[in-house]
2 protein chains.
Amino acid sequence: MEEIDLLIGARWVIPVEPAATVLDDHSVAVSAGRIVAVLPTARAAERFLPREHLRLEKHALIPGLVNLHTHAAMTLMRGLADDLPLMTWLKDHVWPAESRHVSSEFVYDGTLLACAEMLRGGVTCFNEMYFFPEAAAKAALDSGMRAALGIIAFEFPTSYAADADDYIAKGLATRDAFKEEPLLSFCMAPHAPYTVSDKTFGKIVTIAEELDLPIHTHLHETRQEIEESLSQHKARPLARMSALGMLGPRLVAAHAVHVTDAEIEMLARHGASVAHCPSSNLKLASGLAPVARMLKAGINIGIGTDGAASNNRLDSFQEMRSAALLAKAVGDDPQAMPAHQALAAATLHGARALGLEASIGSIAPGKFADLCAVALEGPELLPCYDPVSHLVYAAGREHVSHVWVAGELRVEEGRLPGLDNRSLNNRALLWQNKLAAETK
Amino acid sequence: MEEIDLLIGARWVIPVEPAATVLDDHSVAVSAGRIVAVLPTARAAERFLPREHLRLEKHALIPGLVNLHTHAAMTLMRGLADDLPLMTWLKDHVWPAESRHVSSEFVYDGTLLACAEMLRGGVTCFNEMYFFPEAAAKAALDSGMRAALGIIAFEFPTSYAADADDYIAKGLATRDAFKEEPLLSFCMAPHAPYTVSDKTFGKIVTIAEELDLPIHTHLHETRQEIEESLSQHKARPLARMSALGMLGPRLVAAHAVHVTDAEIEMLARHGASVAHCPSSNLKLASGLAPVARMLKAGINIGIGTDGAASNNRLDSFQEMRSAALLAKAVGDDPQAMPAHQALAAATLHGARALGLEASIGSIAPGKFADLCAVALEGPELLPCYDPVSHLVYAAGREHVSHVWVAGELRVEEGRLPGLDNRSLNNRALLWQNKLAAETK
């Protein structure tokens, strides 16, 4: 008998790898934060002596979800201003609020709130891009969540940094301070083609290669972005990025709403990933991303929530459902992005984009035990012919019962054992009062 | 002091009428199933002596949602077959299952399950179209839910009826049997232009006028429907319906995905309503309904879930969110269908389509107390700058805490006091076993 930390038996284990697999009545054995074995529950008791044994008889056990694009601290601006044109929203609401309030404390509090929301919704890893990444790093660690932190860059000054070099220097210093943390990884995160210069992009490509980091940026999100690039740079943003050496397997292109067939082909050929953000693309009227065509071309597509100010939820279950449904109507093909593919996008493909495919994103021996149990019960989930269909089309984050990150229990029936709920509430309300006071 | 049955104090009362109104710290007084008054909580205690007094300090109280298009009993086929082309889905899965299994018992059990799901999600009234409406009527009454039942018509025989006249005769007999029930109303429900003949549509228009009933039908759902109509009838379905006298304030056109500007204008001019079904339109790749254009033209738009076999949830919160988000991207306008308008579509505008505007759909004295309390708390709903934004963009049906239909408490913290949960589960599993056995 092998001694292990944790044995989780579930009605269904859906490992995502191999693709489209559902294992009935299987168990996952966990030791020292990693998955040791995936085997039939009937055989697990013969082989393992677990310190803790959980039996989830109505549950599907899936890999923790990977939120491939967010600005976590923007939870503090959730619903601050909706139903407005993008530029009004940014100029009259988001930017003024940011310039007055964004600080290390704001980012810590907002990110901690985001971690609480994401964990409760089965998200175990998020790809973050915002100011003060060291504060976001602390919030991720304090909540026990995995994060890929963006070494953000803009040309213009903010309360965080003075110019592009300053942003990059501060981001690299944050990486130096936190790079031994097993839950944290880093991405270069130039904000977007319209906020970052050629020179800065050039530096970022060099640093990314030297440090072997992904490059996370907004790309082809709106028509306006493309038009402005044509007028200013005489090239569409993707062509400009290509000339600057940005295209390759490191690239995580957030949004990619407006892409021609030739651009899809170019992204695919270079092995770039797309962070698809369906709710945000709809809410800001950015457009309808051609996901079916991108999938056919073989692009690696993960799923992101974007920030809570433009969604307004950090809910990867919602995004998974919206992605699967939208792909069909926009692609004029009811078979586009079937449920298994949507689940893979929200897990393994997100991990792949972050260069973390070897350690997370599926339930496989050797990977970290980043796991999410979903209780497939209640009238809204009856009957059940196919648990993967239910995970994508019928269930929601409210059905998440347990979440583990690297084998540590972070959610249990809606509760967050590692976080002080009252303090979380009070901090959110404090910021609400501050921000509401001046936007009236 | 006035004696009343129930006084509900809420942090916010959102009455929907007047439009875009949020009442802080208000109370709703209920007596004999109807709303007696809406007034500041500070004044309610001076005026009323309630038999029961509920204080909901973190909640928004809204009108119960109206699901304007569903086939409730199809819950029993939830997720039976996904990600398939419409005709494969229908011919190889849905129709064979229906022809073997649909019976009065199937419809009762499936509708009861649907009522449990809908009630828990804040839906208090549904517009139903399926076989054996008398079984659906019994299920609605047994769950204490309000329903508009379709007097369905097809030309072809099913286990329910032999031909169009037989469908109509059986539907009218059901109406005769149940028409005194205060929770029930009826619609003529010819299934669709491609399944009902001119002659039958003519009869239905006559009966609808005679009995003063709405007419609920699928209309312009898919391109194929329009092409087949052009080849068979030399007219688009809407033009054919117009010639048959179907156009008018009675008409509830489900889907209306493919409509030209001229058709939008025609629907608006005749005061017809549209039952917008965003998830179903996406999932079956039917298309993207031009909701922003329809709203601009002044069409009354309600929101429907469609059946659980093509959604796969009977979740009006989800549909409200999807409707609001899709309207923006499809209409290329971030201001299209703001949150208040989406909430009105899911409540008052649905009631209007069913001819029930005088009795339900808003929180107003004299109307039935069909109410839904939503707990705006938890990390995913913090901070809160605008409760209506949260209801549409951030909250979900899982935040519904209490639901009343005509003043009777039907949901309390997720529980359904009037229903036997174990029996509901067992019936659903029984049908699951029957249907799964033969679709393998």
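Using just its DSSP H runs of length 4 or more, each adding -39500 (n - 2.57), the protein assembly as shown gives a mean residue ellipticity at 222 nm of -10500 deg cm²/dmol after division by all residues. Taken across both chains, chains B and A shield about 5200 Å² of accessible surface from a 1.4 Å probe. For region A:155-227, trypsin sites (Lys or Arg not before Pro) meeting the loop criterion (DSSP other than H, G, I, E, B) and having at most 12 other Cβ atoms within 10 Å: A:LYS179. To the nearest ten degrees, helix A:198-211 and the longest principal axis of the Cα atoms of chain A are 30 degrees apart.
Give me the angle, in degrees from 0 to 90, between the Cα long axis of helix B:104-120 and the longest principal axis of the Cα atoms of chain B, rounded to the nearest 10. The angle comes out at about 40 degrees.
Shown for region A:379-395: residues covered by the partner protein chains by 50 Å² or more of accessible area relative to the chain by itself (probe radius 1.4 Å), namely A:PRO379, A:GLU380, A:LEU382, A:PRO383, A:TYR385, A:TYR393. On the beta carbon distance between A:LEU172 and A:ALA235, with R0 = 22 Å, the FRET formula returns roughly 0.15. What separates the A:PRO249 label point from its copies, with the point 7 Å along Cα to Cβ, is 6.6 nm, written shortest first. Using the Karplus relation 6.51 cos²θ - 1.76 cosθ + 1.60 with θ = phi - 60°, the per-residue 3J(HN,Hα) values for region A:258-269 come to 9, 10, 6, 4, 5, 6, 4, 4, 5, 4, 5, 4 Hz, with x marking Gly and Pro. In this rough spin-label picture, where each label sits 7 Å from Cα along the Cβ direction, the B:LEU429-B:SER197 distance is 4.7 nm.
Computed from the Kirkwood radius of its Cα pairs, the Stokes-Einstein diffusion coefficient for chain B at 37 °C and 0.692 mPa s stands at 150 µm²/s.
Can you bin region B:228-280 into rounded, prolate or oblate? Criterion: square roots of the alpha carbon gyration tensor eigenvalues sorted a ≥ b ≥ c, rounded for a/c under 1.5, prolate for a/b above b/c, oblate for the rest. Oblate, because a/c is 1.5 or more while a/b does not exceed b/c.
Each part gets one Cα centre, and for region A:245-275 versus region B:216-254 those centres are 42 Å apart. For region B:271-354, the solvent-accessible area of protein heavy atoms averages 18 Å² per residue (probe radius 1.4 Å; ligands and nucleic acids excluded).
What separates the A:PRO40 label point from its copies, with the point 7 Å along Cα to Cβ, is 7.0 nm, written shortest first. With θ taken as phi - 60° and the Karplus curve 6.51 cos²θ - 1.76 cosθ + 1.60 applied, the whole-hertz 3J(HN,Hα) list for region A:25-42 is 6, 10, 10, 10, 9, 10, 9, 6, x, 10, 6, 9, 7, 10, 8, x, 4, 4 Hz, x standing for glycine and proline. For B:PHE186, the residues 5 or more places off, or on other chains, whose built amide H falls under 5 Å of its own are B:LEU149.
Mind checking which of B:ALA116, B:ALA369, B:ALA164 has the largest fluctuation in a GNM of chain B, springs on alpha carbons under 10 Å? Among B:ALA116, B:ALA369, B:ALA164, the largest mean-square fluctuation in the Gaussian network model of chain B belongs to B:ALA164. Express the carbon and sulfur contribution to the solvent-accessible surface of region B:5-110 as a percent, rounded to the nearest whole number, probe 1.4 angstrom. Answer for region B:5-110 is 52 percent, counting heavy atoms of protein chains only. Checking the Cα-Cα distances for B:LYS234/B:LYS296; B:LYS91/B:LYS283; B:LYS91/B:LYS170; B:LYS170/B:LYS203; A:LYS58/B:LYS138; B:LYS138/B:LYS283 against a 19 Å cut-off, the pairs over it are B:LYS234/B:LYS296; B:LYS91/B:LYS170; A:LYS58/B:LYS138; B:LYS138/B:LYS283. Applying 1/(1 + (r/R0)^6) with R0 = 22 Å to the Cβ-Cβ distance of B:LYS91 and A:GLN335 gives a FRET efficiency near 0.90. When the Gaussian network model of chain B links Cα atoms closer than 10 Å, the mean-square fluctuations of B:SER242, B:SER423, B:SER279 top out at B:SER423.
Computed on the Cα trace of region A:187-307, the radius of gyration divided by the Kirkwood hydrodynamic radius gives Rg/Rh = 0.93. Relative to the longest principal axis of the Cα atoms of chain B, helix B:223-233 runs at roughly 50 degrees. Model label sites at B:ALA32 and A:ARG223, defined 7 Å from Cα along the beta-carbon direction, differ in position by 5.7 nm.
Computing FRET efficiency as 1/(1 + (r/R0)^6) for B:ALA19 and B:ALA262, where r is the C-beta to C-beta distance and R0 is 30 Å, gives about 0.60. From the label point of A:ALA436, set 7 Å from Cα along Cα→Cβ, how far away are the matching label points in the other copies, in nm, ordered shortest to longest? Between copies, matching label points for A:ALA436 lie 4.8 nm apart. Pick from A:ALA323, A:ALA239, A:ALA256: which is most flexible by mean-square fluctuation in a GNM of chain A where alpha carbon atoms under 10 Å apart are linked? Largest GNM mean-square fluctuation: A:ALA239.
Placing unit charges on the Cβ atoms of the charged side chains and taking the dipole of region B:367-440 about its Cα centre, the candidate lying farthest along the positive direction among B:VAL388, B:ASN421, B:LEU409 is B:ASN421.
The residues of region A:1-121 expose, per residue, 38 Å² of accessible area to a 1.4 Å probe.
The values are calculated or read from the model by the stated rules, or taken from the named source; none is laboratory data. Because the structure is predicted, anything quoted here is derived from the model rather than measured. Every residue, glycine as well, gets a Cβ built from its backbone with ideal geometry; the counts of neighbours run over all protein chains shown. For the accessible areas, the whole protein counts, side chains as well, though only heavy atoms, and no ligand, DNA or RNA atoms are used. Shrake-Rupley method; radii C 1.70, N 1.55, O 1.52, S 1.80 Å.
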